[in-house]
1. So, with a 1.4 angstrom probe, what is the percent of accessible area on the chain that is carbon and sulfur?
2. With a probe of 1.4 Å, find how much accessible area the chain has per residue, and write the answer as a whole number in Å².
3. Taking the convex hull of the Cα atoms, report for the chain its projected area averaged over all directions, in nm².
4. Taking R0 as 22 Å, what FRET efficiency do you get between residue 304 and residue 324 from their Cβ-Cβ distance, rounded to the nearest 0.05?
5. With n ≥ 4 as the cut-off for DSSP H runs, can you work out [θ] at 222 nm for the chain, using -39500 (n - 2.57) per run divided by the number of residues, rounded to the nearest 500?
6. Determine which lysines satisfy two conditions relative to residue 9: a Cα distance under 22 Å, and not lying fewer than 8 residues away in the same chain.
7. Give me the distance between the Cα centres of the range 118-167 and the range 3-17, rounded to whole Å.
8. Compute the distance in nm between two label points, each set 7 Å from the Cα along the Cα-to-Cβ direction, one at residue 129 and one at residue 256.
Amino acid sequence: GAGWCGTIKECSDRKMSMFGSSNFMKPIPFAGAGILDNDQQLNPDFYNWNKVYVRNCDGASFSGDAEGQAQDGTTLYFKGLHIYEAVIDELMEKGLTNATKALLTGCSAGGLATMLHCDDFSARFPREVSVKCLADAGFFLDVMDISGERSFRSYYDGLLHLQNVQKVLPKDCLAKKDPTECFLSVELIKSINTPMFILNSGYDSWQIRNVLVPDPSDPDKSWLSCKDDMSNCNSTQVEVFDGFMDTMVDALKVVEDKEDWGLFIDSCFTHCQSIFGLSWNSAISPRLGNKTIAEVVGDWYHGRSQGVKEIDCEYPCNPTCNSLLPT
């Protein structure tokens with residue numbers, strides 16, 4: 001997770017943080033970390049897997065391949081694609097090549113990275129190996145914000161040109177559309193052949209705050225309390241958010257015919273649900289079909305049920321959505 005950097009200034013700022021340099025990274029505990037947890041009761045399907053957590057430090061979903069000049073004259077290295085390839089190559093040498101099951105997953109910017117690299121990851125294994133991908137909170141929509149601008153699209157456009165991410169984009173998409181469109185989740189999923197599970201909130205709190213109602217689109221701050229907590233929204237504001245969920249569900253219709261794909265699209269005001277124990281598998285986890293995310297993902301990965309595609313009703317219909325979930 002932790003987003004991207006689409007300008008020289010943003011990337012210069014990140015280089016002095018844990019999102020731009022390992023010099024500033026601290027250890028991440030796996031206890032209570034959802035799908036990464038080693039506790040069998042909390043994570044029954046994946047607790048005893050070998051797990052590798054790849055830190056976000058490139059600002060382009062592990063896709064960049066360029067260099068740039070910072071304002072102070074220092075060189076910025078956009079090498080996300082090389083980082084991804086080096087990590088996977090090293091893991092293969094350390095034993096990943098002998099895996100009988102593998103799951104590539106990430107949340108937010110890491111969810112998008114999962115989509116971008118899913119087929120490449122899968123292609124590194126023999127056909128008999130069960131390789132699947134789980135994209136959590138990575139289904140970013142190209143929608144107009146409340147002021148009528150496509151500010152997120154223009155941000156993506158700057159990111160693509162700055163970091164040169166074209167090498168990871170699907171060739172069949174690039175033959176028909178411009179690179180910025182091909183970096184969008186709605187286009188990426190059309191080209192992915194590996195079985196994938198898309199976990200997302202239809203009222204994704206990050207996208208509502210940064211894509212649908214970014215600060216510049218709300219100069220009088222009339223949406224501020226609503227963006228902070230959906231229970232503060234008036235009926236008109238909720239209708240706008242309902243439209244956002246409808247757009248997401250429509251965009252995911254291409255997945256309906258993919259029998260080996262899975263969906264869990266809830267209506268909780270949250271972002272990233274696989275790496276937090278509260279969301280993944282707890283007493284207050286969101287439930288669809290009376291199952292937690294952990295149960296639905298486990299059923300999908302291990303083939304315990306066919307057609308694992310769960311889509312929630314509109315807010316505030318789901319009583320298992322809880323205000324304690326991470327936003």
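The values are calculated or read from the model by the stated rules, or taken from the named source; none is laboratory data. Keep in mind the model is a prediction, meaning the values are calculated, not measured. With ideal geometry, Cβ positions are generated from the backbone for all residues, glycine too; neighbour counts draw on all protein chains shown. For the accessible areas, the whole protein counts, side chains as well, though only heavy atoms, and no ligand, DNA or RNA atoms are used. Shrake-Rupley method; radii C 1.70, N 1.55, O 1.52, S 1.80 Å.
1. Numbers: 7650 of 15180 Å².
The C+S portion of the solvent-accessible surface of the chain is 50 percent.
2. Numbers: 15180 Å² over 327 residues.
Dividing the accessible area of the chain by its residue count gives 46 Å².
3. Numbers: hull surface 67.9 nm².
Average of the hull's projected areas for the chain equals 17.0 nm².
4. Numbers: r = 29 Å, r/R0 = 1.31.
With R0 = 22 Å, the Cβ-Cβ based efficiency is 0.15.
5. For the chain, the value works out to -8500 deg cm²/dmol.
6. Counting by Cα, and skipping residues close in sequence, residue 9 has these lysines nearby: 79.
7. Between the Cα centres of the range 118-167 and the range 3-17 lies a distance of 19 Å.
8. Placing both labels 7 Å beyond Cα along the Cβ direction yields 3.5 nm.
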